[in-house]
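What follows is calculated from the coordinates using simple rules that are stated; it is not laboratory data. Bear in mind that the values here come from a model prediction, so they are computed numbers and not experimental data. FYI the Cβ positions are ideal-geometry reconstructions off the backbone, even for glycines, and counts take in every protein chain you see.
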Amino acid sequence: MSEHIHTTDGHAHGEHEGLTKKKIWQVFGILLLITVIEFFIALWVLPHGYMSHMVGNIIYIGLTLLKAFYIVAYFMHLKYEKLGLQMSLTVTFIFIIYFIVLLLIEGGYLQLHMPFQ
Amino acid sequence: MDSLSQLDQVKTTPWSGGRSPWSVEYGKIMMWFFLLSDAFTFSALLVYYGAQRFSKFTWPDPDLVFQSIPGLTDSGAPLVFVGIMTFILIMSSVTMVLAVEAGHRNSKKEVIGWMIATVIGGFMFLGCQALEWSHLFHEGFGWGEIPAAEHLEHFFSGEVSTVATQQFANLFFTITGFHGFHVFTGVVLNVIILCMTIAGVFERRGHYLMVEKVGLYWHFVDLVWVFVFTFFYLI
């Protein structure tokens with residue numbers, strides 16, 4: 001395998017700040033808290049009608065993206081990688097955003113123009 | 001300064017060759033780009049789910065479809081079981097990070113302990129998913145199968161649609177199945193890494209980079225679940 005090659009990489013690796021145990025449990029707490037908020041919205045706020053489902057869905061997606069940020073940035077260590085790697089792994093999702101917009105518009109069009117099934 | 005050392009100087013910038021510009025080991029970069037392609041696959045499935053949902057006037061209400069805790073109650077507990085599953089997966093992600101952290105300190109014993117915890121978490125999640133799937137099968141859901149028309153009203157809070165129910169069932173089993181397959185693969189990889197750690201392979205190698213690479217995959221599985229959870233169970 002590749003043991004011989006990464007003597008330099010091993011050195012470079014030491015330059016990253018490692019994640020301390022304290023930080024790990026902190027991120028775990030944040031992820032858990034966000035999930036609890038989602039449950040609170042799903043089981044209490046929405047059934048009581050304090051919020052429209054549209055607003056609820058937007059909040060859900062926002063909280064999901066926040067959770068994704070914490071997992072990718074801290075657990076997957078991307079926050080401590082070089083900018084080039086961060087960019088190549090995140091900017092690529094512009095294609096997915098395009099795909100989402102494209103297909104949701106298509107779906108909305110079908111709802112308007114197809115008979116009820 | 002002679003011309004030779006000038007040439008050497010030219011080669012010292014990150015992208016001029018002869019070094020790793022991102023300071024990331026080869027296998028780790030490859031794992032990242034594999035995960036990027038995998039993220040595209042999952043995105044495609046979830047975007048198709050969204051498009052189907054947008055195209056239907058009505059859709060099964062997740063609070064009504066998922067309200068059982070297998071073995072405890074058949075109804076009246078929306079989101080509780082999937083909440084437990086989510087907690088298990090987040091928890092096993094944490095034990096994986098702790099294994100990576102122990103690997104940085106070359107502490108073989110701690111890596112073994114946290115890897116065992118991660119494998120247990122993976123099996124627990126798969127067990128929960130098996131229970132949930134079999135519960136839905138018993139209710140009549142499946143690939144190409146939905147409960148009898150007269151029972152469908154139990155799963156809708158508004159108008160009832162057989163087409164929407166069918167799309168929901170197909171996409172639910174396909175997407176959670178594909179995710180479950182990833183969890184299973186991750187557990188297999190974790191077991192292999194655990195055995196290699198116990199055998200002392202990484203100790204002799206002097207670093208625990210393999211634990212980090214498999215850890216990336218494991219966190220990705222957790223990441224996908226975060227999205228599946230939102231789009232299938234919450235929205």
Which ³J(HN,Hα) values in Hz, rounded to whole numbers, follow from the phi angles of the stretch A:25-30 under the Karplus curve 6.51 cos²θ - 1.76 cosθ + 1.60, where θ = phi - 60° and Gly and Pro get x? 5, 5, 5, 4, x, 5
When A:70, B:208 are arranged by how many other beta-carbons sit within 10 Å of their Cβ, fewest first, they go A:70, B:208
Run the quick spin-label model on residue A:32 and residue B:84: label points 7 Å from Cα toward the beta carbon, then report their separation in nm to one decimal. 1.8 nm
Calc'd 3J(HN,Hα), the stretch A:51-66, phi into Karplus 6.51 cos²θ - 1.76 cosθ + 1.60 (θ = phi - 60°), Hz, glycine/Pro = x, comes to 8, 6, 5, 4, 4, x, 4, 5, 5, 4, 5, x, 5, 5, 5, 5
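With r defined as the distance between the Cβ atoms of residue A:22 and residue B:75 and R0 fixed at 30 Å, what FRET efficiency is calculated, to the nearest 0.05? Working shown, then result.
Working: r = 42 Å, r/R0 = 1.39.
Efficiency computed from Cβ-Cβ geometry: 0.10.
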Testing the spin-label approximation: label points 7 Å from Cα along Cα→Cβ at residue B:203 and residue A:86. State their distance in nm. 3.8 nm
Sorted largest first, the Cα spans of the protein assembly as shown on the principal axes come out in Å as 85, 44, 37
Could you calculate the contour length gain from residue B:30 to residue B:150, that is, 0.36 nm times the residue separation minus the distance between their Cα atoms, to one decimal place in nm? 38.1 nm
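Would you mind ranking B:212, B:203, B:150 so that the residue whose beta carbon has the fewest other beta carbons within 10 Å leads the list?
Numbers: B:212 22, B:203 14, B:150 8.
The most exposed by this proxy come first: B:150, B:203, B:212.
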Starting from 0.36 nm per residue, how many nanometres of slack lie between residue B:61 and residue B:16 once their C-alpha separation is accounted for? 10.6 nm
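Beyond 24 Å between alpha-carbons counts as too far, so tell me which of A:21/B:109; A:67/B:108; A:79/B:108; A:82/B:109; B:108/B:213; A:82/B:108 fall in that bin. Mind showing how you got there, number by number?
Working: A:21/B:109 16 Å; A:67/B:108 30 Å; A:79/B:108 26 Å; A:82/B:109 31 Å; B:108/B:213 17 Å; A:82/B:108 28 Å.
Cα-Cα > 24 Å for A:67/B:108; A:79/B:108; A:82/B:109; A:82/B:108; rest within.
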Between residue A:101 and residue B:143, what is the label-to-label distance in nm when each label sits 7 Å out along the Cα-to-Cβ direction? 3.5 nm
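Dipole of the stretch B:25-234, Cα-centred, from +1 at each Lys and Arg C-beta and -1 at each Asp and Glu C-beta, to the nearest 20 debye?
1020 debye
Find the relative contact order for chain B and round it to a whole percent, using C-alpha pairs within less than 8 Å whose residues are 6+ positions apart.
Working: 224 pairs, mean separation 63.8, N = 235.
So the answer I get is 27 percent.
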What is the dipole size for the protein assembly as shown, taken about its Cα centre, with +1 at each Lys and Arg Cβ and -1 at each Asp and Glu Cβ, in debye to the nearest 20? 960 debye
How would you rank B:15, B:22, going from fewest to most other Cβ atoms within 10 Å of each one's own Cβ? B:15, B:22
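Restricting to DSSP H runs of at least four residues, report the calculated mean residue ellipticity at 222 nm for chain B, -39500 (n - 2.57) per run over all residues, nearest 500 deg cm²/dmol.
Values: 8 runs with 161 residues, N = 235.
Computed mean residue ellipticity for chain B: -23500 deg cm²/dmol.
Pull out a ≥ b ≥ c, the square roots of the eigenvalues of the alpha-carbon gyration tensor of the stretch A:20-80, then state rounded if a/c is under 1.5, prolate if not and a/b is larger than b/c, and oblate in the remaining case. Spell out each step's value before the answer.
Details: a/c = 5.59, a/b = 2.22, b/c = 2.52.
Note, shape of the stretch A:20-80 comes out oblate.
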